[in-house]
Amino acid sequence: MTDLLIINGRSFRSRLIVGTGKYKSFQETARALEASGAEMVTVAVRRVNLDRSALGQKKESLLDYIDPKKYFLLPNTAGCYTADEAIRAARLGREVGLSDWVKLEVIGDQATLYPDVQATLEATRVLVKDGFTVLPYTSDDIVVAKRLIDAGAATIMPLGAPIGSGMGIQNQANLRILREMITGVPLIVDAGVGTASDAAIALELGADAVLMNTGIANAQDPILMAEAMRNAVLAGRQAYLAGRMAKKLYATASSPLEGVVR
């Protein structure tokens with residue numbers, strides 16, 4: 001395959017990134033990851049740290065069900081509300097051996113879980129200087145996106161709708177603007193995807209990848225939904241590369257009359 005997702009020099013065949021929270025069990029998590037075809041999975045630093053602290057008591061850990069030879073672990077700073085909290089969480093993830101990559105989340109509002117873009121920018125600057133590859137969750141504001149890139153962000157990850165809402169892509173115009181104006185780093189839609197058509201739309205709009213958790217984990221059949229998301233991301237990417245036909249106000253015959261003998 002030549003159509004690879006490349007982030008900071010690292011290549012991935014899959015353009016679907018999945019989270020590991022909200023599943024009914026670790027076993028279900030593992031089955032969903034397998035069905036999704038994802039190569040990169042996110043893990044909450046705080047959750048993994050708590051699991052690891054109990055390993056001496058032989059308590060199961062999420063990490064027992066994620067093969068590091070098969071999946072690239074992307075620690076995230078979920079639950080952090082200040083730049084300092086996020087920076088500490090990222091450093092903790094690196095210290096316990098997870099990764100020097102981080103999906104940076106700094107939440108600014110508890111009700112909507114919208115990002116605090118100023119704190120995200122501040123944390124990005126610090127973590128990049130500290131040697132991290134930073135993938136920041138952010139708004140769909142082009143000005144903020146450009147500042148994050150200037151700060152050294154390895155991707156731009158705007159929300160498509162509020163986290164966990166399942167509302168689908170609610171900001172197509174802004175995502176189109178980001179796609180036109182963002183170059184040099186991947187554009188990854190993060191949050192809001194509820195079903196396969198949402199994922200396909202994100203890729204058709206030009207997103208390089210999509211990150212999701214709730215859309216799979218909260219489905220009635222998470223394993224089947226994971227497979228559906230895998231197929232949707234592939235279809236959306238192919239449609240984007242193929243280039244859709246132009247929209248027209250009036251009909252055009254599928255079988256033209258030119259050359260027809262009357």
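The values are calculated or read from the model by the stated rules, or taken from the named source; none is laboratory data. Because the structure is predicted, anything quoted here is derived from the model rather than measured. Because the Cβ atoms are built from the backbone with ideal geometry, glycine has one as well, and the counts that use them run over all protein chains shown. Surface accessibility is based on the protein's heavy atoms, side chains included, excluding ligands, DNA and RNA. Shrake-Rupley method; radii C 1.70, N 1.55, O 1.52, S 1.80 Å.
Summary of computed values
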{"quantity": "The stretch 181-200, subset touching a residue at least 40 places away in the same chain (Cβ under 8 Å) and closer than 19 Å to Gly164 by Cβ, residue surrounded by the most Cβ atoms within 10 Å (Cβ to Cβ)", "calculated": "Ala199"}
{"quantity": "Residues of the stretch 165-192 satisfying the condition of being within 19 Å of Gln238 (Cα to Cα) and within 10 Å of the chain's Cα centre (by Cα)", "calculated": "Leu187, Ile188, Val189"}
{"quantity": "Criterion: crowded, with 21+ Cβ neighbours inside 10 Å, within 18 Å of the chain's Cα centre (by Cα) and modelled with pLDDT of 95 or more - qualifying residue of Leu203, Leu234", "calculated": "Leu203"}
{"quantity": "Output for the stretch 125-139, where each listed residue is buried (at least 20 other Cβ atoms within 10 Å of the Cβ) and either farther than 16 Å from Leu92 by Cα or modelled with pLDDT under 95 (or both)", "calculated": "Leu135, Pro136, Tyr137, Thr138"}
{"quantity": "Any hit, the stretch 61-68, residues being without any contact (Cβ under 8 Å) to a residue 40 or more places away in the chain and open to solvent by less than 10 Å² (accessible area, probe 1.4 Å)", "calculated": "yes"}
{"quantity": "Scope the stretch 1-47; condition surrounded by fewer than 17 Cβ atoms within 10 Å (Cβ to Cβ), under 17 Å from the mean Cα position of the chain (by Cα) and at pLDDT below 95; matching residues", "calculated": "Gly21, Lys22"}
{"quantity": "Residue that is nearest to Ala119 (Cα to Cα) [pool: residues in the stretch 90-107 that are open to solvent by 10 Å² or more (accessible area, probe 1.4 Å) and among the small types (Gly, Ala, Ser)]", "calculated": "Ser99"}
{"quantity": "Single condition Gly152 does not satisfy, out of (1) over 17 Å from the mean Cα position of the chain (by Cα); (2) crowded, with 23+ Cβ neighbours inside 10 Å", "calculated": "(2)"}
{"quantity": "Residue count, the stretch 109-124 (criterion: surrounded by fewer than 18 Cβ atoms within 10 Å (Cβ to Cβ) and within 19 Å of the chain's Cα centre (by Cα))", "calculated": "3"}
